[in-house]
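Structure first, commentary second.
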Amino acid sequence: MKNIRIAVLSAILLAGISCKKEDSKVTANPEAKTENPVSNQKIVSISGGVTEIVAALGHEKEIVGIDVTSTYPESLKATAKDLGHVRSMTIEPLLALNPTLILASDKDINQDLLAKIKSSGVKSELFQQEFTIDGTKKLINQVAKALGNTNQQELYDKIDADLKQLQPIAKKPKVLFIYARGNMLMVAGKNTPMANIIEIAGGQNSANDFEDFKPLTPEAVVQSNPDVLLFFTSGLQGSGGVDGALKMPGVSQTNAGKNKKVIALDGGLMSSFGPRVGEAAVSLNKLLIESTK
């Protein structure tokens, strides 16, 4: 079961995720400067969420290497070398880029790579990524400090402005997130990133009798009885669209199945918990409101 959980979390990180409760809040600095600093850094960023922050802070052109979860901004595909997944990444291709700064998240990085990065002599920062709104702001602050940047305020403001667009939902719909990739079908329980974004968007996670992710079974789906099924866009497409989702085990016996309530969002947007986290919450909020009509 442990191996299954690691596999699904790693796979979901292709769009970027995991979960940890935030203990402290970040206070924005109203006097923060807004100019983009000029730098000659050569950055390797091996975390999708961290990469988004680096780019949003004005340092995209300094990124020379990324991991497979770094899918946004898309322009990086043409300018930065894809080093693969941090679980299987080796140090040699990374150091061949002659980086001056290596940035990484503690999620899923293999310990051999981490040890070699620390002993390489290259300046590096390892961040604890916490998939909440406050956790995102904390990560932005930490990445900005590592870059010698003072543009955090702009990103805090964007998140706050986006979140103000959330509309209340009178009766919170029960939402079941299904991760579908190939023959793998997993559902998200409590204390997962997907449960977090569902709740931020105004819904409630329907699978709260277990933690993390577990294989989809008819019993689990029926027991959770969701009002709405939520997928990554790619996962829904690969499952045969809405019709395919409605044929999944147990779905026809749920409110979602009976009412054909199936929604999907871009995986990178929904799971990165970077500067676009408010944007993701608002997009999901709109879909949930539509699903209640």
Checking V175 against (1) β-branched (V, I, T); (2) part of a strand (DSSP E or B); (3) farther than 23 Å from K286 by Cβ, which test does it fail? (3)
D212 fails exactly one of the following numbered conditions: (1) at pLDDT below 95; (2) buried (at least 20 other Cβ atoms within 10 Å of the Cβ). What is the number of that condition? (2)
Of all residues in the stretch 247-281 being within 30 Å of S45 (Cβ to Cβ) and surrounded by fewer than 19 Cβ atoms within 10 Å (Cβ to Cβ), the one that is modelled with the highest pLDDT: E279
Could you look through the stretch 92-111, keep only residues that are crowded, with 16+ Cβ neighbours inside 10 Å and outside any loop (DSSP other than H, G, I, E, B), and pick out the one that is nearest to the chain's Cα centre (by Cα)? S105
Which pairs have Cβ atoms under 7 Å, sit 6 or more apart or on different chains, and link a residue in the stretch 213-227 that is more than 21 Å from P173 (Cβ to Cβ) to one that is of a type in the set (A, V, I, L, M)? K214/M186; K214/V187; K214/A220; P215/I4; P215/L185; P215/M186
Would you mind stating whether M270 is among the aliphatic types (A, V, I, L, M) and part of a loop (DSSP other than H, G, I, E, B)? no
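Each row is one residue, and each column tells you yes or no for (1) within 24 Å of G189 (Cα to Cα); (2) in contact with a Leu (Cβ under 6 Å, 6 or more places away or on another chain); (3) modelled with pLDDT of 95 or more; (4) not charged (D, E, K, R).
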site: K137; (1), (2), (3), (4): no, no, yes, no
site: Q142; (1), (2), (3), (4): no, no, yes, yes
site: K145; (1), (2), (3), (4): no, no, yes, no
site: Y156; (1), (2), (3), (4): no, no, yes, yes
site: D160; (1), (2), (3), (4): no, no, yes, no
site: K171; (1), (2), (3), (4): yes, no, no, no
site: L176; (1), (2), (3), (4): yes, yes, yes, yes
Across the stretch 74-91, what is the total count of residues that are under 12 Å from S45 (Cβ atoms), under 18 Å from the mean Cα position of the chain (by Cα) and either assigned to a loop (DSSP other than H, G, I, E, B) or in contact (Cβ under 8 Å) with a residue 40 or more places away in the chain (or both)? 1
Limited to the stretch 63-82, what total is found for residues that are acidic (D, E) and either outside the structural domain of S124 (by TED's automatic domain parsing) or surrounded by fewer than 21 Cβ atoms within 10 Å (Cβ to Cβ) (or both)? 2
Sole residue being more than 15 Å from the chain's Cα centre (by Cα), of a type outside the set (A, V, I, L, M), under 21 Å from S271 (Cα atoms) and at pLDDT 95 or above, chosen from E60, E52, E22: E60
Count, please, the residues in the stretch 118-148 that happen to be more than 30 Å from A201 (Cα to Cα) and either part of a loop (DSSP other than H, G, I, E, B) or outside the structural domain of E60 (by TED's automatic domain parsing) (or both). 4
Taking the stretch 227-244 on its own, how many of its residues are outside any loop (DSSP other than H, G, I, E, B), over 14 Å from R181 (Cβ atoms) and under 25 Å from the mean Cα position of the chain (by Cα)? 5
With in a helix (DSSP H, G or I), at pLDDT below 95 and surrounded by fewer than 18 Cβ atoms within 10 Å (Cβ to Cβ) as the only criterion, which of E199, E219 stands out? E219
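The values are calculated or read from the model by the stated rules, or taken from the named source; none is laboratory data. Just so it is clear, the model here is predicted, and its values are computed rather than measured. Cβ sites come from the backbone with ideal geometry, for glycine too, and all protein chains shown count toward neighbours.
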